[in-house]
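J.: Quick one: this structure, given as structure tokens, is what I'll be asking you about.
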Amino acid sequence: MIPARVPRVLRMGPARLTAGLDHTRRLDLPAHRTLHGLPEPRELEELISHINEVDMRGRGGAAFPFARKLRAVADAAGSGESVVLVNGAEGEPASSKDAMLLTRNPHLVLDGAVLAAEALGAREVVVATAGGEVAEASVAAAVAERRAANVSGGAESRVPIRVVGIKERFISGEGGALVRAVNGEEGIPPGRKKRAATSGVDGLPTLLSNTETYAQFALLAELGPAKYAEVGTSKEPGTILLTVSGGAANGAVIEAPTGTYLADVLGLCEAEIGDGVLIGGYHGAWLSAEAVETAVLSREGMKRAGATLGAGIIVPLGESTCSLGEAARVAAYLAAESAGQCGPCRLGLPDIARAMYALVEGTGSVDAVRRSVRLVERRGACFHPDGTAKFVLSALDSFETEIANHLEHGSCDRPVRGVLPMPEYEAEPDYRLEVDWSRCQGHGLCAHLLPEFVELDDYGFPSFRNVPAFMAKEARRAVDMCPALALRLAQTSDGHGGPPKPNGSPLRLVKDGVLKKAQASAPRLTRVPTPLGGTAG
């Protein structure tokens, strides 16, 4: 049996990225070399020419041309050092494709990374993935296999490979956040965007791309552009990896040629569409059942349908859950996942979540949600606020009938079943602010710094709500900046597990048509990718 956290694999069309996985849980080095052979080092210009011939794009969501990244790093490095960085930080709860590759087919990913490193003359390859997970152990084992093969007289590349386990959260896969984490800093996006191609790992020019991208690159080098392009569309040749979950009876990672109909993929997974299908993850967009029938899985096809393929995430809602409540859960989760370093994100995203839950309860308005969204759009230090805004606005447009039912009746009579994948939780303590009243002079600075948790009375003196763990850093800042030195931060006796919820307003879940309160604090999340168990096939 495959371990529970290793996704099941299905395919439509020829096996490329998933070749050999039908009868084994993991391809070790001898099995991989039997299938794919030993790649020969190539000149940079030859590789760039091949990449351009098939217009290979990154598979992490942004679809940036891979050849341009290679060229930018080569130009920035000149005759100096560079680094190749594999982004295996799959922070999207609904994505498992990269975890599948690193767990079950790690050598294909390493082949692509090493080819790039040899062409660039890079100092090393770094593979960054979720610390403590199966994927990290699999890649570390793959590196050891290659090292042992060289000791035994093998011809494996001697480019050093380093595996870095990072703390995973939704924003950990953002390029700047990943580089910071690899460099030993906090894994959050930098306030000012830096291009990894000019200054990445250890300040060196860094080729940063997604796990699947390097695997596709290895296949392109193995097959050549003509054979690589024998499947897929003429404009976007090759296959893609898709993660299907949610209302699918047979959730899986699927390899399919570009140009495959979305409806066929959903049929393979026995998926109920319900009120819609989320494409591209929690910064993606919803497609209606009507749009799904004709939607084609390619960048061009998804654009025509009104979505973006992103990292290949497909989440059908099914018939049995409240679509508006599901969207509100995700909005609250995204608010809790903020890095907390800019106002639009730290303050604006909880406001959006509160407005979404007001809709669920039938007490809010669509206009209030849209107003909250406008306050964060194009104003954050990274893309997280804009991605959240895109998701929420798409939900408003897609679930109009559902929203009308909630506003008229207070419910749609369907429970929130938690169909949209969420992380696993570990209980963490809340914190509370305590005040020395003999020192407090009512300056009110604490309320300015922590408006979600501090209220001032008519005399300007504070009262406090408990502070969730992910906001402890901001609370310590308020303590340090108190002019009267009247504050201290204390840990409460216990913590709370459960789904995230917007601060200042309890999360309400619809269960059996009745609104019920859940816990009123938002814990930190420890595991992001949702496991898809099963066997290969």
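The values are calculated or read from the model by the stated rules, or taken from the named source; none is laboratory data. Remember, it's a predicted structure, so these values are computed and weren't measured experimentally. Here the Cβ is made from the backbone with ideal geometry for all residues, glycine too, and neighbour counts use every protein chain on show. SASA here: full protein model, heavy atoms, side chains in, ligands and nucleic acids out. Shrake-Rupley method; radii C 1.70, N 1.55, O 1.52, S 1.80 Å.
J.: Within region 62-95, how many residues turn out to be over 21 Å from the mean Cα position of the chain (by Cα), buried (at least 21 other Cβ atoms within 10 Å of the Cβ) and not in a helix (DSSP H, G or I)?
T.: 2
J.: Among the residues of region 341-359, is any open to solvent by less than 30 Å² (accessible area, probe 1.4 Å), at positive phi, in contact with a Leu (Cβ under 9 Å, 6 or more places away or on another chain) and small (Gly, Ala, Ser)?
T.: no
J.: Another question, then. Could you tell me which residue of region 397-426 is surrounded by the fewest Cβ atoms within 10 Å (Cβ to Cβ), considering only residues that are more than 22 Å from the chain's Cα centre (by Cα) and among the aliphatic types (A, V, I, L, M)? So that I can check it myself, show each step before the final result.
T.: Taking region 397-426 first, the residues more than 22 Å from the chain's Cα centre (by Cα) are 397-416.
Filter again for among the aliphatic types (A, V, I, L, M), leaving 403-404, 407, 416.
Working: Ile403: 23, Ala404: 12, Leu407: 16, Val416: 23.
Of everything passing the filter in region 397-426, Ala404 is surrounded by the fewest Cβ atoms within 10 Å (Cβ to Cβ).
J.: Within region 279-286, identify whether any single residue is surrounded by 22 or more Cβ atoms within 10 Å (Cβ to Cβ) and of a type in the set (Ser, Thr, Tyr), and answer yes or no.
T.: yes
J.: Can I ask one more? Hey, Arg16 hits all of (1) farther than 30 Å from Lys303 by Cα; (2) modelled with pLDDT of 95 or more; (3) among the basic types (Lys, Arg) but one; which does it fall short on?
T.: The single condition Arg16 does not satisfy is (1).
J.: Does region 36-60 hold any residues that are in a loop (DSSP other than H, G, I, E, B) and in contact (Cβ under 8 Å) with a residue 12 or more places away in the chain, and which are they?
T.: Gly37, Leu38, Pro39, Pro41, Arg42, Glu43, Asp55, Met56, Gly58, Arg59, Gly60
J.: Just checking, how many residues over region 360-395 are charged (D, E, K, R), closer than 17 Å to Ile171 by Cα and part of a helix (DSSP H, G or I)?
T.: So the count comes out to 2.
J.: Could you list, ordered by first residue, the pairs with Cβ atoms under 8 Å in which the first is in region 355-366 and of a type in the set (D, E, K, R) and the second is at pLDDT below 95 and in a loop (DSSP other than H, G, I, E, B), at least 6 apart or interchain?
T.: Glu361/Gly410
J.: As an exercise: evaluate Gly251 against (1) at pLDDT below 95; (2) more than 24 Å from Leu108 (Cβ to Cβ) and give the number of the one condition it does not meet.
T.: Result: Gly251 fails condition (2) only.
J.: Would you please name the residue that is surrounded by the most Cβ atoms within 10 Å (Cβ to Cβ), looking only at residues in region 121-141 that are part of a loop (DSSP other than H, G, I, E, B) and in contact with a strand residue (DSSP E or B) (Cβ under 8 Å, 6 or more places away or on another chain)? It would help to see each step written out before you state the result.
T.: Looking only at region 121-141, we keep the residues that are part of a loop (DSSP other than H, G, I, E, B), and these are 121-123, 131-133.
With in contact with a strand residue (DSSP E or B) (Cβ under 8 Å, 6 or more places away or on another chain) added as a condition, the list becomes 122-123, 131-133.
On the way: Ala122: 27, Arg123: 18, Gly131: 15, Gly132: 13, Glu133: 20.
In this case the residue turns out to be Ala122.
J.: In this structure, does Ile171 turn out to be touching a helix residue (DSSP H, G or I) at 6+ places or on another chain (Cβ under 8 Å), of a type outside the set (Phe, Trp, Tyr), surrounded by fewer than 24 Cβ atoms within 10 Å (Cβ to Cβ) and not in a loop (DSSP other than H, G, I, E, B)? Step through it out loud before you land on a result.
T.: On the way: touching a helix residue (DSSP H, G or I) at 6+ places or on another chain (Cβ under 8 Å): yes; of a type outside the set (Phe, Trp, Tyr): yes; surrounded by fewer than 24 Cβ atoms within 10 Å (Cβ to Cβ): yes; not in a loop (DSSP other than H, G, I, E, B): yes.
Considered against the rule, which asks whether it is touching a helix residue (DSSP H, G or I) at 6+ places or on another chain (Cβ under 8 Å), of a type outside the set (Phe, Trp, Tyr), surrounded by fewer than 24 Cβ atoms within 10 Å (Cβ to Cβ) and not in a loop (DSSP other than H, G, I, E, B), Ile171 comes out as yes.
J.: When the residues of region 284-327 are narrowed to those that are under 18 Å from the mean Cα position of the chain (by Cα) and in a helix (DSSP H, G or I), which ends up nearest to Pro415 (Cα to Cα)? Break it down stepwise before answering.
T.: Filtering region 284-327 for residues under 18 Å from the mean Cα position of the chain (by Cα) gives 284-286, 307-316, 326-327.
This time we only want the ones that are in a helix (DSSP H, G or I), so: 326-327.
Working: Glu326: 10, Ala327: 13 Å.
The qualifying residue nearest to Pro415 (Cα to Cα) is Glu326.
J.: Then there's this: Can you name the condition, by its number, that Pro41 falls short on among (1) under 20 Å from Val125 (Cα atoms); (2) surrounded by fewer than 22 Cβ atoms within 10 Å (Cβ to Cβ); (3) touching a strand residue (DSSP E or B) at 6+ places or on another chain (Cβ under 7 Å)?
T.: For Pro41, the exception is condition (3).
J.: Could you please find all residues in region 441-462 being open to solvent by less than 60 Å² (accessible area, probe 1.4 Å) and over 34 Å from the mean Cα position of the chain (by Cα)?
T.: Answer for region 441-462, where residues must be open to solvent by less than 60 Å² (accessible area, probe 1.4 Å) and over 34 Å from the mean Cα position of the chain (by Cα): Gly442, Gly444, Leu445, Gly460, Pro462.
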